[in-house]
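This report concerns only the one structure given below.
The values are calculated or read from the model by the stated rules, or taken from the named source; none is laboratory data. Note that the structure is a prediction, hence the values are computed from the model and not measured. Every residue, glycine among them, receives a Cβ derived from its backbone with ideal geometry; neighbour counts consider all protein chains shown. Quick note on the areas: whole protein, heavy atoms, side chains included, nothing else; ligands and nucleic acids left out. Shrake-Rupley method; radii C 1.70, N 1.55, O 1.52, S 1.80 Å.
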Amino acid sequence: MAIPGFPRRRFLIGAAACCLAGCEPAADSAAQDDIRDLLVGTWLREYEDGGVRVRRVLALDAAGHFRESSRIVQPGANEIESEHAGDWLYDGTNLKRHYTMMDGRPPSAPTIPFATFELQFPTRNEFTGIDRVRRLEVTYRRVDDGTRP
């Protein structure tokens, strides 16, 4: 004997279970993908510390690879330029970079080939990264592709 409304109850219970188990993570996953897509592009960080001027250009591509170019200018000294590359990912909170090349060579001890920054976005064209281990806060702003340090 069929129970009136049984298929409907079964659907509602299944839908509720689905939402409890999967709806919220799906929304989080969508937000995570939106931020990952937002990160793709070229970003500039400029700062001065003790008279030393630094420009860093970070290019994040959609395939999960990055290039980081830096120029350091010290008063009365030669400019220092560097080029690094590796892989990146966004885990929902942190921008994580794994350096696979540093000035054309694989990183070696004592260099730690990882950088992890908790991200905040004051605007769509600016992000602040907080390195909780090194107690460092950095700010990048979006720039045109091809920008040099």
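List of remarks:
- Of residues in the range 54-77 being in a loop (DSSP other than H, G, I, E, B) and farther than 12 Å from Asp145 by Cβ, the one farthest from the chain's Cα centre (by Cα): Gly76
- Pick from the range 78-88, criterion in a strand (DSSP E or B) and either open to solvent by 70 Å² or more (accessible area, probe 1.4 Å) or of a type in the set (Gly, Ala, Ser) (or both), ranking: farthest from Gln32 (Cα to Cα): Ile80
- From Asp131, Asp91, Asp61, residue being charged (D, E, K, R) and farther than 15 Å from Leu38 by Cβ: Asp131
- Test: residue in the range 127-137 that is open to solvent by 90 Å² or more (accessible area, probe 1.4 Å), in contact with a strand residue (DSSP E or B) (Cβ under 7 Å, 6 or more places away or on another chain) and aromatic (Phe, Trp, Tyr): no
- Just one of the listed residues (Arg124, Arg105, Arg97) is at pLDDT 95 or above and in contact with a Leu (Cβ under 9 Å, 6 or more places away or on another chain), namely Arg97.
- Only one entry in Thr116, Thr111 is open to solvent by less than 70 Å² (accessible area, probe 1.4 Å) and at pLDDT below 95, namely Thr111.
- Cβ-Cβ contacts under 6 Å between residues 6 or more apart (or on different chains), taken from a first residue in the range 120-149 that is touching a residue at least 24 places away in the same chain (Cβ under 8 Å) to a second residue that is among the charged types (D, E, K, R) and open to solvent by less than 90 Å² (accessible area, probe 1.4 Å), are listed as Val138/Arg45; Tyr140/Arg45; Arg141/Glu126; Pro149/Arg55; Pro149/Arg71.
- Close pairs (6 angstrom Cβ cut-off, 6 or more residues apart or separate chains): over 18 Å from Val138 (Cα atoms) in the range 82-103, part of a strand (DSSP E or B) and of a type in the set (Val, Ile, Thr) anywhere: Gly86/Thr100
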